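What follows is a short report on a single structure.
The values are calculated or read from the model by the stated rules, or taken from the named source; none is laboratory data. Computed from a predicted structure; not experimentally measured. Positions of Cβ are backbone-derived with ideal geometry, glycine not excepted, and every protein chain shown enters the neighbour counts.
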Amino acid sequence: MFNKILVVCVGNICRSPTGERLLRENLPTKTIDSAGVGALVGKPANEQASRIAAKHGVDLGGHEARQLTASMCHEYDLILVMESKHKEDVCRIAPEARGKTMLFGHYLAQSKDIPDPYRQSDEAFDYAYDLIAQAAHKWCDVLR
């Protein structure tokens, strides 16, 4: 049973906070957090990510970016990463976490990486948000 879930991207200011909040909103009995493999530690969620999420009723307020650590990898039952290369980053930090690390987009029609919209257009953020929302919905069905 997966009761502690960690969502991971690079900076922990765009994709992973969005995924974290979407999962947390729909899985209230689970512990869901996020971190980054190259986190901008202590920074709030990206302004564009916050604005796009707010359009969909998701509040990223209060988020503070955290760096992924080996102890986090041990603490969580499931680690969901936004891109395939993040799996390798997680495994470099904690090799034993390989078996519990999966793509956030695993259950999408075409299992795929969710591209990083950082420093791109609102359209890139909209596209990333839509993929994250679809994937979160699928994960919620699986994890309930």
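Figure legend. Inter-residue proximity from the stretch 112-130: first residues in contact (Cβ under 8 Å) with a residue 60 or more places away in the chain and surrounded by 14 or more Cβ atoms within 10 Å (Cβ to Cβ), second residues of a type in the set (Val, Ile, Thr) and not in a loop (DSSP other than H, G, I, E, B), beta-carbon distance below 9 Å, spacing 6+ or different chains. Indicated pairs: ILE114/ILE132; PRO117/ILE52; PHE125/ILE52; ASP126/ILE52; ALA128/THR18; ALA128/ILE52; TYR129/THR18; TYR129/ILE52. Considering the stretch 52-72 alone, what residues qualify as being surrounded by 14 or more Cβ atoms within 10 Å (Cβ to Cβ) and touching a residue at least 60 places away in the same chain (Cβ under 8 Å)? Residues satisfying the conditions are ILE52, ALA53, LEU68, MET72. Looking at the stretch 73-89, which of the residues that are touching a Lys or Arg at 6+ places or on another chain (Cβ under 8 Å) and in contact (Cβ under 8 Å) with a residue 40 or more places away in the chain is farthest from VAL142 (Cα to Cα)? Among residues in the stretch 73-89 that are touching a Lys or Arg at 6+ places or on another chain (Cβ under 8 Å) and in contact (Cβ under 8 Å) with a residue 40 or more places away in the chain, the one farthest from VAL142 (Cα to Cα) is GLU75.
In the stretch 35-44 there is at least one residue that is touching a Lys or Arg at 6+ places or on another chain (Cβ under 7 Å), in a loop (DSSP other than H, G, I, E, B) and at pLDDT 95 or above. The residues of the stretch 3-39 that are among the basic types (Lys, Arg) and crowded, with 24+ Cβ neighbours inside 10 Å amount to a single one, ARG15. Within the stretch 97-111, the set of residues being of a type outside the set (A, V, I, L, M, F, W, C) and either touching a residue at least 12 places away in the same chain (Cβ under 8 Å) or touching a helix residue (DSSP H, G or I) at 6+ places or on another chain (Cβ under 8 Å) (or both) comprises ARG98, LYS100, THR101, GLY105, HIS106, TYR107. Within the stretch 1-34, the residues that satisfy the criterion of being assigned to a helix (DSSP H, G or I) and of a type in the set (A, V, I, L, M) are LEU22, LEU23. Counting only helices (runs of 4 or more DSSP H) wholly contained in the stretch 53-144, the ones carrying 1 or more residues that are touching a strand residue (DSSP E or B) at 6+ places or on another chain (Cβ under 7 Å) and of a type in the set (A, V, I, L, M) occupy 70-75, 84-93.
Under the condition of being farther than 14 Å from GLY19 by Cα and in contact with an Asp or Glu (Cβ under 7 Å, 6 or more places away or on another chain), which residue from the stretch 83-111 is surrounded by the most Cβ atoms within 10 Å (Cβ to Cβ)? Per the criteria, the residue is LYS100.
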